[in-house]
């Protein structure tokens, strides 16, 4: 079974009127045009007169709309034996898109291979007549709905059919499809050629995500007013604008909304390449600067073949030191401290298994952001005295302000510049 998320536009009406010059039906259509879905009941009589005529005309017409044409093409082009499609219809926040969704549902009612799941879903705020609502609500709500369907149907291959709906959403859905590895299909109305947008090697920059995501929360950003306050540094704000996460009015863009949603769903579970770079910089730092250790080793497994347990860095006072004489170092992005239980589990497992002399937890962050000591205290309180005696907290400030949008190698300056001194964090 394949799951297809289909955005719904109004091409079915435009196509209907190309072959039907009924002026009365056209007047009903024009009265409903661009009206928000909230006015459905007020225009119900006009809807009742228009709907059956379009349903009757569309019967058996595979070219009735862009959405229908694309779904039938996807179904026909299936390369495996399972050519059954279940389809979710996502409508804009307009009367005509909702009505088109109902007509498309009726079209596939008796189709054995293509089934419409539930009623067409209206995406609140997804209307171009109110650009601010489109930016602040519509795209964000669309991203959430798509991600929910993707998660619920994780055992199926999930496709995006973007032939219908506002053309303004195509760039955003293309990015989302790339990020979540969802095949994207599109048919231009005047052709029968089904286009699959290929998977490209793109991803959000996790180094940027880990360092700049915290600025989208208190004390820098007020979610209720959807504005940044005066505590945010102008250089940081300029950086967010260069990344197209924030616009010139200092509010979050649709790309910014997608960035926040994606980071929040992935940051706690993903391991970033940038985190590995920080580990290697710390490895160099301890090997070159510290006179307390003879050797620092990276990514050491202290577990078994059947159950690996990796330590980011192990600091050895002597070359042949046993684990109990060494210091374990774990490296975390600041926002990973939000996952308290995972951090506590991380510390306990490594201390129990290796029994190191000390355990350093090194948190890297943007210089303007302070470490929330209440989070550290909360983690410490979940550890017994034996663990707390071994544990020390350090922070490492990393400033990627030299990074310029579009550079071919954004981390060159970070890799070339020596690390600043680690700062111990005390409660």
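Bear in mind that the values in this text are calculations on the coordinates, not laboratory data. Here the structure is a predicted model, which is why all the values come from computation and not from measurement. FYI the Cβ positions are ideal-geometry reconstructions off the backbone, even for glycines, and counts take in every protein chain you see.
For the reader, a short list of remarks on this structure follows.
- For region 152-170, the set of residues classified as in contact with a helix residue (DSSP H, G or I) (Cβ under 9 Å, 6 or more places away or on another chain) and either part of a helix (DSSP H, G or I) or more than 19 Å from residue 73 (Cβ to Cβ) (or both) consists of 166, 168, 169, listed by residue number.
- If you go through region 114-148 and keep only what is crowded, with 20+ Cβ neighbours inside 10 Å and part of a loop (DSSP other than H, G, I, E, B), you end up with 120, 123, 125, 126, 127.
- Check on residue 102, in contact (Cβ under 8 Å) with a residue 12 or more places away in the chain and either surrounded by 22 or more Cβ atoms within 10 Å (Cβ to Cβ) or in a loop (DSSP other than H, G, I, E, B) (or both): no
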